[in-house]
1. Residue by residue, what Karplus-based ³J(HN,Hα) values in Hz, rounded to whole numbers, does the range 183-191 have, using 6.51, -1.76 and 1.60 with θ = phi - 60° and x for Gly and Pro?
2. How big is the dipole moment of the range 56-162 about its Cα centre under a simple scheme where the beta carbon of each Lys and Arg is +1, that of each Asp and Glu is -1, and everything else is neutral? Debye, nearest 20, please.
3. Which shape class applies to the range 404-490: rounded if a/c is under 1.5, otherwise prolate when a/b exceeds b/c and oblate if not, where a ≥ b ≥ c are the square roots of the Cα gyration tensor eigenvalues?
4. Please list ASP439, ASP165, ASP304, ASP337 from largest to smallest accessible area, probe radius 1.4 Å, with all protein chains kept in place.
5. Run the helix sum for the chain: -39,500 (n - 2.57) per DSSP H stretch of 4+ residues, divided by residue count, reported at 222 nm to the nearest 500 deg cm²/dmol.
6. I'd like to compare 48-61, 113-126, 82-95: which one has the highest average count of other Cβ atoms within 10 Å, and what's the full order after that?
7. Of the heavy-atom accessible surface of the chain (probe 1.4 angstrom), what whole percent is carbon and sulfur?
8. Once you've got the Cα coordinates, tell me which of LYS435/LYS456; LYS284/LYS365; LYS195/LYS284; LYS71/LYS139; LYS46/LYS257 are over 23 Å apart.
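The values are calculated or read from the model by the stated rules, or taken from the named source; none is laboratory data. None of the values given here were measured: they were computed from a predicted structure. Neighbour counts run over all protein chains shown; Cβ positions are idealised from the backbone, glycine included. SASA here: full protein model, heavy atoms, side chains in, ligands and nucleic acids out. Shrake-Rupley method; radii C 1.70, N 1.55, O 1.52, S 1.80 Å.
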Amino acid sequence: MSGSHRRRQFLQNAGGAGALLGLSSVGFLAELGPVSAEDAKLDPRKVRFGDDIEPLVGLLEDTPREQVLEKVAVRIKDGVAYKQILAALLLAGVRSIQPRPVGFKFHAVLVVNSAHLASLASPPDHRWLPIFWAIDEFKSSQAQNVQQGNWVMGPVDETAVPAADRATAAFSAAMDNWDEAAADVAVAGLARAAKPEEVFEIFCRYGMRDFRDIGHKAIYVANSWRALRQIGWQHAEPVLRSLAYALVEHEGGNPAKGDAPADRPWKQNQELAPKIRADWASGKPDPQAATELLATLRGGSAADAAQQVVALLNKGVGPLSIWDALMDGAGELMIRDPNIRSLHAVTTTNAMHFAFGQTTSELSKRLLLLQNAAFIPLFRGTPKQKGTPIDQLEPLAPQASGAEAVGEILADISRDRLTAARKVLAYAQANPAPKELIDAARLLIFFKGRDAHDYKFSAAVMEDYATLASPWRERYLAASVYNLKGSGAPDNELVKRTRAALQG
């Protein structure tokens, strides 16, 4: 079964999970005044957007955090569409939050697509909640950006933007040389001259080339591309300028002239990629091969992992089995060493798997497999002796059945994650399409999630679960409980604020 078919089968719009969890419908009903002309004034330091979106971006930027959700709700009731809100949210982030380091406060931008995916998969009466949460996250990150120097994206130097016929070459040269200023003007020309698919192919390579920022560069490439597909390519230029600025971030000397550990997999894998057999993409699924690669990811080096991917592909193993091992290898890190690096092994693998499905370049596909394989040992660090290996996790049937079994599992997440993981494994094995569990887990993120990682991680897991083959699919979902929210977690402050607004 293909990955796309599995995704269609398992990822569907949510329905009755809210009733299962006892969560109420939410919305913003308070009538507040419209945004004044003063609200929409633009700082001359800032790049300006089109007249159709600038006022809404300015509203997000200039309205105090304690008022912004209510003011956005008024605009929605006045007829502002979902896509406009999403576009304004992304553009406000790229203009008002410095993408360095690529993470931390910049998660307000990285999480926009994850919030969008959560919104699409949620019941209609909860559909705005992830977006409103992301707006609140933007205001928090914007305040951090002000405290750290108040960076803003300025207008591009139009005198230096290359002509259309030179934009691609100029951008590639700037990125290869890690030249921040040259990349900024070249990417403006690229955005204006090249087709979206051509732009993605270029950024796909640069997003995966180094391990700095623990995978966030690849994540930003995937999530910005996905968001742009929703809001429209007319908004691409500022997003791509932010993205290029993020991708040339580095410490110390010019990486093009050095040999930093973060760059070594790229150098090694560019030599390995041509050694993969020509018909590698037509290989056959092989569960045993996934087990073998998983063992290397568990204890081998970055170079060991990439070399084994080459060997398996050359033996006729299909790329789907490679992805089975990569995703479960990332998931295993959550079991054995649940921390921020392990979490980003999952979200980075999600981003690189998405890029693998989008690129039409066979070389890029090869490099994505090799880079992802090399990155997982880098996320892992010293081989872990603690915790249960993902392929040794034993199922434990919930005591309850049906909807009550889902409730039991979600309660166990708050008490004992290993027990919860074992019960998820048993539940998923008995229910090949565990929609009720997935829907309920997603709603708990809405009501109990507290930072961008809750949205990013859950969106990645719920998307990638659908692409995996059994038995890896069930084990991957089981591992996810190490960063999902249990029903015993307190509601987040945003939900409390939302309910207060409803009562006011």
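1. Each residue's phi maps through the Karplus curve to give 5, 5, 6, 5, 5, 5, x, 5, 4 Hz.
2. 160
3. oblate
4. Descending order: ASP165, ASP304, ASP337, ASP439.
5. -19500 deg cm²/dmol
6. Values: 48-61: 17.8, 113-126: 21.4, 82-95: 23.3.
Ranked from most to least packed, the peptides come out as 82-95, 113-126, 48-61.
7. Here carbon and sulfur together make up 52 percent of the probe-accessible area.
8. LYS195/LYS284; LYS46/LYS257
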